[in-house]
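As structure tokens, the structure follows; a few thoughts come after it.
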Amino acid sequence: MEDKEDNPDVDEKRRSRFLSYAEGEGDSALLQREGLRCLLECTDTFCLTKHWLPETTLENIYGQYAGQDGIGLKEFGRIAHDGLLLEGKLEEYERAFNGVDRDGTGVISTEELGQLFAGLHRPLPAHELERIVDEADVGHDGIDFADFLSLARTHLDLGEVVRYLETMPQKHSAAGSAPATLRETALGSITEVHGEAEINEIVNSGADVVVKLAFSWCRPCKAFYPRYEKFAEIYGETQFLRIVGNENESCKHYAKDVLQAKISPMFAAYSKGQLVATWNGANILRFVENMEQNLPSARKFSKEREAVQASDPSMAPK
């Protein structure tokens, strides 16, 4: 009889997560190497806009758990049981990262990371701290958010970090500052765009516009799409656009240089030709709040939105 530790149960939520990345159907579904990469690099609600898992780590995990044809549901259960999945909500990871990044540079220094481990009652000798930083800093440009996720997966407990940061003095953030269109768009539905010029043309019309930035490997992006379609119907006077950030050079430029995207899905709201808000993650409540706070054309349909959410469980705030 197999030990439960060797063959842990997989609940329905994790089973669904496995199947969304696996190839094949049902019990015959298998995770291949790239599917495993995407699964390990994403949570249920977001992915980063770049791959961040080191190749050696991916190879080691795949080699440890894969059978001859790939990783089945049983092996995936072991991966989950062994704590290799990236768990948690986007805002929790962002809060943890921003709390450690005390000077707000977007990069965690070795000193800041050392202070974190010390605050968690796990002080590290200098050589051990340098080893962890060297392993995590994939681009050798400092510990950015992507590198921090790798650390969270291997060396940190997210809940423990958040609880520790709640005891720290809060840092104060500085105040932030961002002719008729020829592009044919249809209100009440989603317009697929394939470059920055198309977005600019629509935005310059002065209409209220929301852009969803997705990436081809981002499963949370795909999972949110049916809800995005329904919101397009609800907010019937707002232009809904979708762009795939890795489709071509123009799309890449819009994602990297215009929105400075690090996480997907990412949304950008425009009104009267100006960028008025950006936000991340496949979160219905956050989407509604940003739409109705920043776009008058969406705000006027709040009662209709409430009625749809009351009757459709898939649209309920989460």
- Item | Helix-only CD estimate at 222 nm, as mean residue ellipticity for the chain, using -39500 (n - 2.57) per DSSP H run (n ≥ 4) | -13000 deg cm²/dmol
- Query: Ratio of the chain's C-alpha Rg to 2.2 N^0.38 Å, to two decimals?
  - Reply: 1.08
- Kirkwood Rh over alpha-carbon pairs of the range 190-315 plugged into Stokes-Einstein at 37 °C, 0.692 mPa s gives a D in µm²/s of 226 µm²/s
- Estimate the FRET efficiency between Lys74 and Ser216 by the formula 1/(1 + (r/R0)^6), using the beta-carbon distance for r and 30 Å for R0, to the nearest 0.05. 0.60
- Item | Pairwise label distance in nanometres, Glu249 with Lys300, each label 7 Å out on the Cα-Cβ vector | 4.2 nm
- Message: At 7 Å along Cα-to-Cβ for each site, give me the label-to-label distance between Leu19 and Thr105 in nm.
- Response: 4.7 nm
- How high is the FRET efficiency between Ser189 and Glu130 when r is their beta carbon distance and R₀ equals 51 Å, given to the nearest 0.05? 0.45
- Query: What full-extension length gain, to one decimal in nm, is calculated for Ser314 and Asn204 as 0.36 nm per residue of separation minus the Cα-Cα distance?
  - Reply: 36.3 nm
- Item | Cross-link pairs beyond the 28 Å C-alpha cut-off, checked among Lys13/Lys212; Lys230/Lys262; Lys272/Lys318; Lys222/Lys262; Lys13/Lys300 | Lys272/Lys318; Lys13/Lys300
- Take every DSSP beta bridge whose two residues both sit in the chain, then give the antiparallel share in percent to the nearest 5. 65 percent
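Just so you know, all these numbers are worked out from the coordinates, no wet-lab data involved. Everything numeric in this text was worked out from a predicted model, so none of it was measured. Here Cβ is always computed from backbone atoms with ideal geometry, including for glycine, and neighbour counts include all displayed protein chains.
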